[in-house]
Amino acid sequence: MADGVQARLVLVTGANRGIGFEIARGLAAQGLGVLGGVRSSEKAVRAAKEFKAAGANVTPVVLDVANTTAFAAKIGEIERLYGPIDILVNNAAILIDAPGGFEASIFEMTDEIFRRTWETNVLAPAALIRALVPGMIARKFGRVVNMSSRAGQLEGMSAGFPAYRMSKAALNALTRIVAAEAAAGSGADVKINACSPGWVRTDMGGASAPRSPARGAETAIWLALSGPDGPNGGFFEDKKALAW
Ligand code: NAP
């Protein structure tokens, strides 16, 4: 995206740490206006200091993605303050299939684990898309990047962390549905894609993961900055298409 990049406003959810922090930092370094979604006002104060220390021009905004009922008012308030959001990065997610963790069996899952995972990892991206994409279509420009995972690939789907896997498979389905709807007949340059960051050293990925958070952020940043000929409705890792 060459021209107009300065004028674009981005919202990255879950931006106070991990991959989201690096996506926000990377997009701010490209000259975009970046709003970093964080869970609470206390976290916003801390994140503001951390972005400043990292030399990143990112403005924290309070957006608890587990509370989708408040979204319409909250997004309205954010856009009134900062202007229309052109690029949405749905990054925030939880992985709570513990105590079994990676090995957790579908037979150990509780409704509560499924429900909480679904709210944060699926309902929130869907609600943000519903709140923001109609405006993008009306303004004829928009990008949505859904941070998914190879854990959500149906190809090769196997046992382990079932609530998380199902949530990421649903996020992939959401990506395809919205991409098709946004493209259909609107004539707008609106593109919705999903990506996997690879296995990344964060609180979620753990200390043994081979990738840095900055490396994990690269494909999401690439999709957020994609031009009018960029992909729509795809799933990517390392800027290459992945099987669903
Ligand atoms: P992380 O270190 O656990 O960070 C998750 C981020 O999401 C935090 O900023 C967290 O904020 C935020 N978040 C969670 N619930 C929230 C809520 N209700 N409201 C607002 N923010 C909330 O995870 P990560 O490794 O950076 O993962 C980022 C994305 O990449 C996720 O979508 C994840 O599924 C995906 N991913 C990661 C890996 C990996 O290896 N790390 C692999 C594949 C996919 P708090 O600090 O407030 O909790």
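The values are calculated or read from the model by the stated rules, or taken from the named source; none is laboratory data. This structure is a prediction, so every number in the text was calculated from the model and none was measured. As a convention, Cβ positions derive from the backbone with ideal geometry for all residues, glycine included, and neighbour counts pool all protein chains shown.
Things worth noting here:
- Complete set of residues in the range 186-208 that are of a type in the set (Asp, Glu) and either within 11 Å of the ligand (Cβ to nearest atom) or at positive phi (or both): 203
- The residues of the range 159-180 that are more than 16 Å from the ligand (Cβ to nearest atom) and farther than 14 Å from residue 234 by Cα amount to a single one, 159.
- Residue 134 vs. criteria more than 16 Å from the ligand (Cβ to nearest atom), closer than 30 Å to residue 187 by Cα and part of a loop (DSSP other than H, G, I, E, B): no
- Screening the candidates 214, 183 for the property of being within 30 Å of residue 29 (Cβ to Cβ), modelled with pLDDT under 95, more than 10 Å from the ligand (Cβ to nearest atom) and over 14 Å from the mean Cα position of the chain (by Cα) yields one hit, 183.
- Residue count, the range 161-201 (criterion: touching a Phe, Trp or Tyr at 6+ places or on another chain (Cβ under 6 Å) and more than 21 Å from residue 18 (Cβ to Cβ)): 1
- Screening 125, 197, 210 for residues that are surrounded by fewer than 21 Cβ atoms within 10 Å (Cβ to Cβ) and more than 25 Å from residue 105 (Cβ to Cβ) leaves exactly one candidate, 210.
- Scope the range 57-93; condition within 11 Å of the ligand (Cβ to nearest atom), farther than 16 Å from residue 41 by Cα and modelled with pLDDT of 95 or more; matching residues: 89, 90, 91, 92, 93
- Residue 3 passes every criterion in (1) at pLDDT 95 or above; (2) outside any strand (DSSP E or B) apart from (1).
- Matching option when the condition is buried (at least 21 other Cβ atoms within 10 Å of the Cβ), closer than 23 Å to residue 71 by Cβ, without any contact (Cβ under 8 Å) to a residue 60 or more places away in the chain and touching a Leu at 6+ places or on another chain (Cβ under 9 Å), among 178, 190, 144: 144
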